[in-house]
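Taking it in order: structure first as structure tokens, then the write-up.
The values are calculated or read from the model by the stated rules, or taken from the named source; none is laboratory data. Because the structure is a prediction, the values reported are computed rather than measured. Quick reminder, even Gly has a Cβ in these numbers, built from the backbone with ideal geometry, and neighbours come from all protein chains shown. Each accessible area value is taken on the protein alone, full model and side chains, heavy atoms only, with ligands, DNA and RNA left out. Shrake-Rupley method; radii C 1.70, N 1.55, O 1.52, S 1.80 Å.
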Amino acid sequence: MYLIIFVATLLLWSTGAWAHNPFTSGGQDAFSASLTAVIVLIFWIIYVWGCRYATAVVWRRWLFHITILITFFTILGPLDEWAEHSSAAHMTQHMLMMVIIAPAFALARPLPQFYRACGAYGERLWKYAFKITQYPMVCTYFHGMMIWFWHIPKFYMLALENPWIHVFEHACFLISAVWFWWACLHAFTRKVPYALLALLVTLMHTGFLGAFLTFGSTPFYGESRNLADQQLAGLIMWVVGGVPYITAAFWVGHRWYRQLQRKSLTV
């Protein structure tokens, strides 16, 4: 674990490896990068501290550490700079947040460790923050609203031009996606049909947005971005981005079947 932390720190502050970090950036970019790095590191420290008092399953613990490393790469690495000039890179960054980092965080289930590290008041705060995950469709609507809002050309470009709005955009994607995936992957038996519906709805509307970008006849995000790059971005959302939702639907359905099977055996 300490080796992972050392490697992550080395990568984060290496001027050759990272494009948007506090050392290689300047002005507001440096401040926003610093804030992002500090927030991610705080989450990591809280988890590591919590593991001292609430033991995590080995694979979940390693999954959390790997998720943190992917998060560093996604929001502070060279991909973040490429995203300023390429719609495809920007979409890749968004997809990493919404269909890789968020479900990995949900599968890692770090809340017991967060509870123990933050004390009684912190535990109440975390439980309140995740209360929304009891309602898969509410999480779906909120997450979908964030996706469509930040792909409106005006707000899309505003996030690229202002580093603070860019940080806020990333927070919107990550928080709403974590709630969505938590609600779907950890749904109680009676909530599983809603979780499956949530996955289907999200697969459909993100696929529609991806198709809209793919078949668009003009660049939607500025003339500096060519049409082929936008079409590639649409394909990434439409085709590649759809795979995790379909995979999750199979996993949730299989989990539901096993729960019903166990329940029938006890009757």
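Farthest towards the positive end of the charge dipole of segment 24-130, among the residues SER86, ILE75, ALA102, is the Cα of ALA102, using unit charges on the Cβ of Lys, Arg, Asp and Glu. Taking all protein chains together, CYS118, CYS51 sort by accessible area into CYS118, CYS51, largest first [probe 1.4 Å]. What the Cα atoms of segment 129-191 give is an Rg and a Dmax of 13.5, 45 Å. Computed from backbone phi with θ = phi - 60° and the Karplus coefficients 6.51, -1.76 and 1.60, the 3J(HN,Hα) list for segment 149-157 is 4, 7, 9, 5, x, 4, 7, 4, 5 Hz; x is used for glycine and proline. Annotation: LEU96 carries an accessible surface of approximately 40 Å², with a 1.4 Å probe and no ligand, DNA or RNA atoms counted. If the only charges are +1 at each Lys and Arg Cβ and -1 at each Asp and Glu Cβ, what is the size of the charge dipole of segment 90-240 around the Cα centre, to the nearest 20 debye? Magnitude of the dipole: close to 720 debye.
So if we plug the beta-carbon distance of THR55 and PHE155 into 1/(1 + (r/R0)^6) with R0 = 35 Å, what FRET efficiency do we get, rounded to 0.05?
Numbers: r = 43 Å, r/R0 = 1.23.
Between THR55 and PHE155 the formula returns 0.25.
For Cα pairs less than 8 Å apart in space and 6+ apart in sequence, what is the mean separation divided by the residue count of segment 41-163, i.e. the relative contact order in percent? Answer for segment 41-163 is 29 percent. Across the chain the C-alpha pair distances fall into 10 Å bins from zero in the proportions 7, 27, 34, 24, 7, 1, 0 percent. Modelled label positions at PHE188 and ALA30, each set 7 Å beyond Cα in the direction of Cβ, lie 5.2 nm from each other.
Heavy-atom accessible area with a 1.4 Å probe sorts TRP182, TRP49, largest first, into TRP49, TRP182. Averaging over all projection directions, the Cα-based convex hull of segment 69-204 occupies 8.8 nm² in the image plane.
Work out the charge dipole of segment 155-267 with +1 on the Cβ of Lys and Arg and -1 on the Cβ of Asp and Glu about the Cα centre, then indicate which of LEU265, PHE212, VAL201 is farthest towards its positive end. The one lying farthest along the dipole's positive direction is LEU265. Charges were assigned to the Cβ only: +1 to each Lys and Arg, -1 to each Asp and Glu. The resulting dipole of the chain about its Cα centre is roughly 1700 debye.
Please compute the length gained on full extension between ILE175 and TRP251, using 0.36 nm multiplied by the number of residues separating them and subtracting their Cα-Cα distance.
Working: separation 76, 0.36 × 76 = 27.36 nm, distance 2.23 nm.
Difference between extended and current length: 25.1 nm.
For the residues LYS263, LYS191, a 1.4 Å probe over the protein chains yields an accessible-area ranking, largest first, of LYS263, LYS191.
Computed over the chain, the per-residue total of -39500 (n - 2.57) for DSSP H runs of n ≥ 4 gives a 222 nm mean residue ellipticity of -24500 deg cm²/dmol, rounded to 500.
Counting only lysines at least 8 places from LYS191 when in the same chain, those with an alpha carbon closer than 26 Å to its own are LYS127, LYS131, LYS263. Projected label points at ILE70 and HIS85, each 7 Å from Cα along the beta carbon direction, are separated by 2.7 nanometres.
Solvent-accessible surface (1.4 Å probe) assigned to HIS85 amounts to roughly 130 Å².
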